[in-house]
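Colleague: Submitted below is the structure of interest, expressed as structure tokens.
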């Protein structure tokens, strides 16, 4: 059947009906971007209505104003202020403006570039790397991820339970961490036979094995040390070895009080072990990406709070100076009150008693609400972007790893044998490994 598709010549115009709103533009305007849906006569012919001699698109009309301006301006894409980001990005995907335009739009919106995920070149290293680093890559990787999560949970539970008074090893006069609190003498034997220590040792053995395997198989050792998650993993096992070394090398003439204080500070770092769960939780990863992308806004928030704390703590000090029983004996004493008031917590441990002090407190509370609310829309927008990006990956049921270097047929063969159900794609001299995505929460 013959398709009535206008040919892009001269000043010939094309009518475009978007959900009842009729637009007209010249064909040469659309032809500036022949790789897009409207710029390609073959692809746009699917929406051509020969009876009305127009294209009919059942799409968002407000978004099309920006799409048409993109063609008319020669490539300047601006999102309307009243259009949510996820809706506008869906329209960009429909009109097939191209990956370059999409990436440029994301940069203009202030979002960071998506990081490439390299793979090791060695076949065995690649299998082990996928096994320990990407839980969604295979059934074996998911089993290892489940074991890792269980060990993390057990370690956190032990960390909390060992502080209960009923479970402390206070028999035979020993206190926390195996120290004799009454005689200031170490009880090393009790320390190494402590059931909590034994369970902690098993957990640390698994964490160390996991970290060593990922380091040995990592495609880039420098990138491995720069990865925040690996730094967290290292910080999770460091307190154990420091505590163990202190118990082994400590001599009887050392100061027990000093050693005990050092051990307590170091063992406190174990609480950061809970962040290891973010490796297996997409929700925590989205939260971390949002905070990292919003560092500038968070910095401005802290800066504004700093100014407010100095201003209002000074004002309330001078306002309460004539009151005999005032809690504001100095400006630094007012810092805590200003922070609690500006964040609308209001503990009530410090409060102004005079009329002028209460007026300062009222202004401090109002200023705090305004200060905190200013950067919130930007942070929410960043969270929405990362959330919808993750949702988009789920809808496509795949994600992309990039392996840099020489992409020879041999590498393609080895990579193709990595897992069943995977496919290889070459783009611009790079090798892309596509595999199913299983989202973990």
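The values are calculated or read from the model by the stated rules, or taken from the named source; none is laboratory data. Everything numeric here is computed off the predicted structure, so don't read it as measured data. Please note: Cβ atoms are built from the backbone with ideal geometry, for glycine as well, and neighbour counts cover all protein chains shown.
Colleague: Tell me which of these residue 37 doesn't satisfy, since it passes every other one: (1) at pLDDT 90 or above; (2) touching a helix residue (DSSP H, G or I) at 6+ places or on another chain (Cβ under 9 Å); (3) assigned by TED's automatic domain parsing to the domain that holds residue 222.
Modeller: It fails just one condition, (3).
Colleague: Then there's this: From the list 393, 364, which one is in contact with a strand residue (DSSP E or B) (Cβ under 8 Å, 6 or more places away or on another chain), outside the structural domain of residue 87 (by TED's automatic domain parsing) and either at pLDDT below 90 or not in a loop (DSSP other than H, G, I, E, B) (or both)?
Modeller: Working: 364 fails: in contact with a strand residue (DSSP E or B) (Cβ under 8 Å, 6 or more places away or on another chain).
Only one candidate qualifies: 393.
Colleague: Spot the failing condition for residue 338; the list is (1) closer than 17 Å to residue 305 by Cβ; (2) surrounded by fewer than 16 Cβ atoms within 10 Å (Cβ to Cβ), and only one is missed.
Modeller: (2)
Colleague: A further question follows. Scan segment 219-234 residue by residue and report those that are loosely packed, with under 12 Cβ neighbours inside 10 Å and outside any helix (DSSP H, G or I).
Modeller: none
Colleague: Among the numbered criteria (1) in a helix (DSSP H, G or I); (2) buried (at least 16 other Cβ atoms within 10 Å of the Cβ); (3) modelled with pLDDT of 85 or more, which one does residue 350 miss?
Modeller: Of the numbered conditions (1) in a helix (DSSP H, G or I); (2) buried (at least 16 other Cβ atoms within 10 Å of the Cβ); (3) modelled with pLDDT of 85 or more, the odd one out for residue 350 is (1).
Colleague: Being touching a helix residue (DSSP H, G or I) at 6+ places or on another chain (Cβ under 7 Å), more than 26 Å from residue 391 (Cβ to Cβ) and surrounded by fewer than 17 Cβ atoms within 10 Å (Cβ to Cβ) narrows it down to one of 72, 26, so name that one.
Modeller: On the way: 26 fails: touching a helix residue (DSSP H, G or I) at 6+ places or on another chain (Cβ under 7 Å).
Only one candidate passes the filter, namely 72.
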